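Below: one structure, written as structure tokens.
Readers should treat all values here as calculations from the given coordinates under stated rules, not as data from a laboratory. Small disclaimer: the values here were computed from a predicted structure and weren't measured. Here the Cβ is made from the backbone with ideal geometry for all residues, glycine too, and neighbour counts use every protein chain on show.
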Amino acid sequence: MKNVILNIDNKKVSYYEYGNKENPTVVCIHGLVGNAIYSFAEIAKILENKFHLIVFDNPGHGKTTAFDHEDDYLFSNLSKWYDKVFQQVLNKPFYLMGHSWGADIVLHFTKMKPNNVLGLVLLDGGFTFPENQSDMTFKKAFTGWNEYMDNSMYYNWDEVIQEYKNYTKRWSSEIEQYVASIFIKKNEDQFELVTSKFTVLAIIKSFFKEPFSQTYPFINVPVMLIHSTLPISLNTARDIGISQLNHTIKDLSVIAIEDTNHMIQWDEPTKVSNLVSKWIEKKNSTYSYNCY
């Protein structure tokens with residue numbers, strides 16, 4: 001694994017590269033407030049034996065410079081930005097894998113640049129939040145995330161650990177390191193998120209301005225959705241989202257992993273990695289066959 005820093009439009013773009021470039025390329029896009037390491041480090045180590053992975057820090061996350069303007073975080077504008085970035089990094093079609101917010105990003109990018117993408121892996125994203133959650137009004141989402149960011153200052157590391165242990169059934173020293181990567185230490189006793197409230201709230205607005213379902217009719221590549229089953233209160237939203245996908249995506253695989261939370265790749269890294277690996281290998285063999 002190596003960390004690469006690009007300079008695009010006088011701003012830093014950070015990504016991590018794993019595996020052999022001769023293998024199929026999988027570009028990984030993380031979720032809100034996370035980063036490349038936080039979301040993908042563990043499964044990338046499993047997948048790098050078979051694939052070439054490029055795992056990005058999104059703007060305002062990890063080591064990638066934040067955008068200056070709120071509208072830059074609209075999915076349509078973020079897709080244009082990623083197209084510019086990808087042109088400097090990639091020279092062949094690739095698979096896209098996105099977790100949470102990242103799943104929405106890869107859907108919107110594929111809508112814009114369908115010929116660049118071989119297939120999509122959606123990890124518990126791009127099908128429920130917010131439009132299929134009946135109680136998730138803009139006011140509720142915006143207020144909730146505004147309060148979350150106001151309360152994201154922690155006064156000792158134990159407080160951080162206790163909070164993030166709630167996100168997974170499988171806490172470990174490695175996951176603690178992933179969590180540490182999304183925080184900065186302000187002084188001896190204060191830890192705060194790398195991602196700013198400005199960035200987070202701009203992204204929340206983008207979810208409502210450019211809903212994920214608007215991308216579905218334009219997705220003509222194979223799609224695999226791997227989703228969690230907890231909390232069960234989201235089951236109705238999950239059913240609606242899966243029904244929408246089934247109605248519009250011709251080549252769709254949907255797999256639920258029982259007893260998993262939203263950080264599905266933390267709860268079941270081996271299972272998620274195996275599902276992704278088998279699916280891409282199958283799709284890639286079909287793609288290679290059709291080329292000859």
Practice item. Report, as a whole number in µm² per second, the diffusion coefficient that Stokes-Einstein gives for the stretch 21-129 at 37 °C and 0.692 mPa s using the Kirkwood radius over alpha carbon pairs. Key: 236
Review point. Which aspartates and glutamates have a Cα less than 18 Å from the Cα of Lys140, not counting those fewer than 8 places away in the same chain?
Key: Glu131, Asp150, Glu210
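So what's the back-of-envelope 222 nm ellipticity for the chain, counting only DSSP H runs of four-plus at -39500 (n - 2.57) apiece and dividing by all residues, rounded to 500?
On the way: 10 runs with 121 residues, N = 292.
After summing the helix terms and dividing by residue count, I get -13000 deg cm²/dmol.
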Practice item. Provide the gained length on full extension for the span Asp189 to Asp158, in nm with one decimal, where the gain is 0.36 nm per separating residue minus the Cα-Cα distance. Key: 10.1 nm
Exercise for review: Springs between alpha-carbon atoms under 10 Å, Gaussian network over the chain: tell me which of Lys140, Lys250, Lys165 tops the mean-square fluctuations.
Suggested key: Lys140
Practice item. Just need the relative contact order of the chain here, percent rounded to a whole number, with Cα pairs under 8 Å and 6+ apart. Key: 20
Exercise for review: Please give the direction-averaged projected area of the C-alpha convex hull for the chain, in square nanometres with one decimal.
Suggested key: 14.5
Study note, to complete from the structure: Out of Asn77, Val121, Pro24 - ranked by how far each Cα lies towards the positive end of the dipole of the stretch 1-128, with unit charges on the beta-carbon of charged residues - the top one is Pro24
Practice item. Normalising by the residue count of the stretch 72-196, find the relative contact order in percent from Cα pairs under 8 Å and 6+ residues apart. Key: 18
Exercise for review: Sort out for me the Cα centre separation of the stretch 17-71 from the stretch 174-235, rounded to whole Å.
Suggested key: 13
Point to revise | Dipole magnitude (debye, nearest 20) for the chain, charges at Cβ of Lys, Arg, Asp, Glu | key: 980
